[in-house]
Every structure is written in structure tokens, then in C-alpha cells.
Amino acid sequence: MNSPVTDRVNDHVNDHVALRVEGLSKSLGTRRIVDDVSFTLSRGELITLVGPSGCGKSTLLRMIAGLEPNDAGRVFVDDHDITSTPPERRHIGVVFQEGSLFGHLRVDQNIAFGLKHLSRSDRTSRVEAMLELVQLSGVARRFPHQLSGGEQQRVALARALAPEPRLMLLDEPFASLDEVLRDDLRQQVAEVLRSTHTPSILVTHDRHEALTLGDRVAVMRDGRLQQVDTPEVVYDRPSNRFVAGFVGVASFVPVADGSLAVVRPHHVTLTAGGDDRVVSCEFAGATRRYTVRRTDGSTVVADGPTAGGLSMGDACTATVVTDRLHCVAVDD
């Protein structure tokens with residue numbers, strides 16, 4: 001069942017709408033890749049667009065950029081309808097998973113590529129400012145192959161920001177990087193985007209990335225937006241069962257009114273002894289993650305201490321803290 005999507009503008013973000021998407025749709029044969037998507041993006045806001053592979057995230061981003069034709073709907077930037085505007089005239093910056101830098105051009109030449117309308121001295125000043133912004137002032141005369149993957153992505157960001165775009169779109173920009181580098185770079189990129197007050201949409205399939213970076217999180221499934229709200233609301237009050245399970249570890253326990261309570265690991269306390277049973281146990285560094293089969297037939301996931309913890313097969317009691325539980329429909 002598709003629940004009505006919630007699109008609530010973050011109260012902490014300037015309420016000027018930088019981007020408005022109305023009923024955007026795209027089909028491939030009989031399949032709807034993007035299905036009647038509508039949302040807004042405020043000036044200075046960063047929305048993370050998250051969902052499983054193939055749900056339509058990248059196609060949606062490409063339609064906003066003008067790189068993919070849409071079948072229906074409209075796109076407005078700063079209240080101007082740009083639905084039929086060619087991509088090169090939309091003043092939208094785009095960064096892909098692979099930065100797509102020009103290999104035959106130096107870093108400074110890459111960044112200056114979209115600044116041909118400026119004088120030579122202004123181009124030089126703008127390139128220097130962009131390199132300083134992304135903390136790469138010393139690499140101006142290097143070529144892309146002389147940079148690390150993270151450095152290449154920062155140059156790609158600098159190149160996209162140099163013409164002062166009205167909007168920035170980033171499509172899985174950290175996916176090809178190793179985990180440690182990805183963690184460092186995504187925080188740096190978010191800081192750069194916020195420091196320039198550039199309204200941005202960042203596509204990811206990583207729920208941790210979505211929750212930690214976004215002012216708001218847009219969750220997508222089968223071409224439709226399921227929920228658009230702050231990370232806290234999406235995590236604590238998901239609109240449906242899919243959202244609950246996608247953005248974090250969740251168990252679902254039946255409640256009296258026929259709905260399901262969303263139970264996060266921190267909602268469960270475990271004690272040794274009792275009629276419940278540990279069916280699996282995973283070491284997770286500072287904690288262990290337990291899956292417990294309860295006497296009522298439900299299964300819950302809980303976190304507990306590494307030292308002196310339970311083992312698979314142990315008898316236990318799993319107590320669910322009920323005062324903060326959020327319920328969703330069974331068929332969502």
C-alpha cells in the first residue's frame with residue numbers, strides 16, 4: 001500500500017523554495033521508473049534521496065538536470081519553469097559517482113571549464129577560491145590521474161560549484177571510494193555545500209549516509225517517494241513498514257489495534273533467563289547484536305554489551321520499551 005508521502009520543510013532552513021518538482025514521471029515500456037514525484041527543496045537545504053538500487057533515484061536526478069526527458073510533470077527552479085530548458089541553460093551543477101574530470105586538462109583547467117564567460121583574471125581568482133574551498137590549493141597544475149579518488153571528487157565538486165549554480169545534484173558521489181575515505185569526504189562535501197548555501201540533492205543507497213548528511217531525507221521505492229522529512233522523523237516515525245525497515249534495523253511486533261509497532265534495537269532490553277531464546281548473535285565492536293525469538297512468536301533485534309553477554313541458544317527475557325513505539329499498517 002502506498003501511503004501519502006510526507007514532505008515537510010525543515011523549520012531550520014530558509015523557507016525560500018529553490019526547487020519545486022510537480023508530478024514528475026518517466027516510463028520505460030510499461031514500467032514506471034519515476035511515478036508522479038512531487039517535492040520542494042529550500043535555499044541552502046541538503047536533501048538526501050535514498051532507496052534501493054533500481055528505485056528511480058538517478059533517473060529522477062537526471063530529469064531535474066535535464067539530462068533525461070520526462071513523460072509528465074514540471075520542474076521549477078527559483079519559481080521559473082525549466083521543464084523544457086536545455087540542460088546547459090539550467091544553471092544546475094551535477095557531480096556523478098565518477099567525477100568525470102577531463103583527463104587531458106589540469107585541475108585548474110577543469111575547474112575553469114565552465115567559466116569562459118569571465119575574464120582571464122576573474123577565472124584565475126575563481127579557480128583559486130574553489131580550490132581553497134575544497135582544501136586542494138596545492139594541486140592546481142596536476143592532472144586528474146595524479147590525484148587520489150577523494151581528491152578527484154573534490155575537484156569535480158569545485159568544478160560544479162565554480163559557475164555558482166542555482167542547484168547542485170550529486171549522484172552517489174562517494175560510492176566508488178573505500179569506507180574510511182568515504183566517511184571523511186562526505187562530511188567535507190556537506191560542509192562545502194552548506195558554506196556556499198547551495199541547495200543540493202544527494203542520491204545514495206546508504207541509509208547511514210542519508211541520515212547523517214541530510215537536512216531532510218527523501219525515501220524512494222519503486223519510483224515513488226514514500227516519505228520526505230527530517231532524519232529524526234523518518235527514523236522515529238516512519239510513514240510505512242518499508243521506510244521503517246529501510247532506514248534502520250527494525251523489528252515489527254503486532255499490537256492490539258491490528259497494526260505493527262516498529263521496534264528498534266534500543267527499544268529492547270535483554271536479561272538472562274526466561275522463556276525467550278537467542279537465535280543469533282553478532283559481534284559489532286562495542287556491542288553484540290542479538291536476534292531473539294519471543295514466546296508470542298515475534299522476533300526482535302536488540303543490542304547488548306560485548307563482555308559477559310548472551311550466546312546463541314541462551315534463554316533470556318526480551319522486554320520492549322513501549323512508551324516511544326511508533327505503529328505502521330500491516331500491509332504497508
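The values are calculated or read from the model by the stated rules, or taken from the named source; none is laboratory data. Keep in mind the model is a prediction, meaning the values are calculated, not measured. Don't worry about glycine lacking a Cβ; one is built from the backbone with ideal geometry, like all the others, and counts go over all protein chains shown.
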Exercise for the section: Looking only at the stretch 119-141, count how many residues are surrounded by 16 or more Cβ atoms within 10 Å (Cβ to Cβ) and over 21 Å from Pro199 (Cβ atoms). Expected result: 6
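Residue-by-condition table, conditions (1) under 12 Å from the mean Cα position of the chain (by Cα); (2) under 30 Å from Arg126 (Cα atoms):
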residue: Ala158; (1), (2): no, yes
residue: Leu202; (1), (2): yes, yes
residue: Asp206; (1), (2): yes, no
residue: Val219; (1), (2): yes, no
residue: Gln227; (1), (2): no, no
residue: Arg237; (1), (2): no, no
residue: Arg241; (1), (2): no, no
residue: Val253; (1), (2): no, no
Completion exercise
Residue hits (the stretch 226-235; farther than 22 Å from Arg182 by Cα, surrounded by fewer than 24 Cβ atoms within 10 Å (Cβ to Cβ) and free of Cβ contacts under 8 Å to residues at least 24 places away in the same chain) are Glu232
Fill in the blank from the handout: Considering residues that are surrounded by fewer than 18 Cβ atoms within 10 Å (Cβ to Cβ) and either modelled with pLDDT of 90 or more or of a type in the set (A, V, I, L, M) (or both), the number found within the stretch 177-190 is 2
Practice task
Pairs only if they're at least six apart or on different chains, beta carbon under 8 angstrom, first in the stretch 39-55 and more than 17 Å from Arg194 (Cα to Cα), second at pLDDT below 95 and in a loop (DSSP other than H, G, I, E, B); list them, first residue then second.
Solution key: Phe39/Val5; Thr40/Val9; Val50/His205; Val50/Asp206; Gly51/His205; Pro52/His205; Ser53/His205
Practice task
Write out, first by first residue and then by second, each pair whose Cβ atoms fall under 7 Å of each other, whose residues are 6+ apart or on separate chains, and whose first residue, in the stretch 178-204, is under 18 Å from Leu41 (Cα atoms) while the second is of a type in the set (D, E, K, R) and not in a strand (DSSP E or B).
Solution key: His197/Arg43; Pro199/Arg43; Pro199/Glu45; Val203/Lys57; Val203/Glu172; Thr204/Glu172
Exercise for the section: Pick out the one residue from Ser259, Ser251 that is among the hydroxyl-bearing types (Ser, Thr, Tyr) and surrounded by 24 or more Cβ atoms within 10 Å (Cβ to Cβ). Expected result: Ser251
Practice task
Working only within the stretch 189-216, note down all residues that are closer than 26 Å to Gly149 by Cβ and either of a type in the set (Val, Ile, Thr) or part of a strand (DSSP E or B) (or both).
Solution key: Val189, Val192, Thr196, Thr198, Ser200, Ile201, Leu202, Val203, Thr204, Thr212
Practice task
Could you tell me whether Asp275 is out of contact with any helix residue (DSSP H, G or I) (no Cβ under 8 Å at 6 or more places or on another chain), touching a residue at least 24 places away in the same chain (Cβ under 8 Å) and not hydroxyl-bearing (Ser, Thr, Tyr)?
Solution key: yes
Fill in the blank from the handout: Exactly one of Val203, Val192, Val134 is of a type outside the set (Gly, Ala, Ser), in contact with a Lys or Arg (Cβ under 6 Å, 6 or more places away or on another chain) and within 25 Å of Asp78 (Cα to Cα), and that one is Val203
Problem - Residue satisfying condition, being in contact with a Pro (Cβ under 7 Å, 6 or more places away or on another chain), surrounded by 17 or more Cβ atoms within 10 Å (Cβ to Cβ) and in the same structural domain as Ile33 (by TED's automatic domain parsing), within set Gly214, Gly223 - result: Gly214
Handout entry: Residue in the stretch 31-59 that is surrounded by the fewest Cβ atoms within 10 Å (Cβ to Cβ), counting only those that are polar (S, T, N, Q) and under 28 Å from Gly245 (Cβ atoms)
Key = Ser53
Exercise for the section: With the condition kept exactly as written, say whether any residue in the stretch 159-176 is crowded, with 20+ Cβ neighbours inside 10 Å, in a helix (DSSP H, G or I), in contact with an Asp or Glu (Cβ under 7 Å, 6 or more places away or on another chain) and modelled with pLDDT of 90 or more. Expected result: no
